[in-house]
1. Between 54, 23, 113, where does the largest GNM mean-square fluctuation fall for the chain, given springs only between Cα atoms within less than 10 Å?
2. Compute the distribution of all C-alpha to C-alpha distances in the chain, in bins of 10 Å from 0, and list the percent of pairs in each, rounded to whole numbers.
3. Count the DSSP beta bridges whose two residues both fall in the chain, then state the antiparallel fraction as a percent rounded to the nearest 5.
4. How far apart, in nanometres, would the label points at residue 104 and residue 56 be if each is projected 7 angstrom from Cα along the Cα-to-Cβ direction?
5. Specify which residue in the list 58, 84, 32 is farthest towards the positive end of the charge dipole of segment 1-116, using unit charges on the beta carbon of Lys, Arg (+1) and Asp, Glu (-1), about the Cα centre.
6. Within 10 Å, at most 15 other Cβ atoms, and a DSSP state outside H, G, I, E, B define an exposed site. Report the longest part of the chain free of exposed chymotrypsin sites (Phe, Trp or Tyr not before Pro).
7. Charges at C-beta only: +1 for Lys and Arg, -1 for Asp and Glu. How large is the resulting dipole of the chain about its Cα centre, in Debye rounded to 20?
8. Compute the long axis of helix 84-116 from its Cα atoms, compare it with the longest principal axis of the Cα atoms of the chain, and write down the angle in degrees, 0 to 90, nearest 10.
Amino acid sequence: AVSAYSNPLNNLVQKLDHPAVVRYFLQVIPTSYAFSDGSQVAGSQISATQLVRRVSPGTVLSDVVFVYQSAPLRMNYVQTQKSVAQFFTSMFAIVGGLYSLTGIVDHIYHKFRKKKLVYIPVSS
């Protein structure tokens, strides 16, 4: 399921104790979600960036600026399911990779172990 719509600037409260120019850069990306049952939901992804610039009193009035940018692309999320054959192929690939990695580690371990252990007989 698609999460509930959430605007990044909801419930934003900002109190400044000095004159400032506040800029919000908003970017909106149109987005659609297609589910495996055939239903579709249209929405958008929103990102917001805030820039606060302190100004000298009396030179510039404090203000708030919103810079809105719509992206020239569209995000499409499509829900798919793997078949049983694809699932088993992935599982066998993981098990085979672990088996070969274990063999490599075992080979390296025994190679260095044989070099370090040298038996020197003591004659009496």
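Where a number appears in this text, it was derived from the coordinates with a stated rule and is not lab data. In this text, all values refer to a predicted model and were calculated from it rather than measured experimentally. As a convention, Cβ positions derive from the backbone with ideal geometry for all residues, glycine included, and neighbour counts pool all protein chains shown.
1. Taking springs between Cα atoms under 10 Å, the residue moving most is 113.
2. Going from the shortest bin to the longest, the percentages are 9, 18, 15, 14, 13, 12, 10, 5, 3, 1, 0.
3. On the way: 15 of 27 bridges.
For the chain, the DSSP antiparallel bridge percentage is about 55.
4. Going by the 7 Å Cα→Cβ label model, 6.5 nm.
5. 84
6. Free of exposed loop sites, the longest segment is 36-118.
7. Details: 11 positive and 4 negative charges, 163 e Å.
Here the chain has a charge dipole of around 780 debye.
8. Long axis of 84-116 versus the principal axis of the chain: about 50 degrees.
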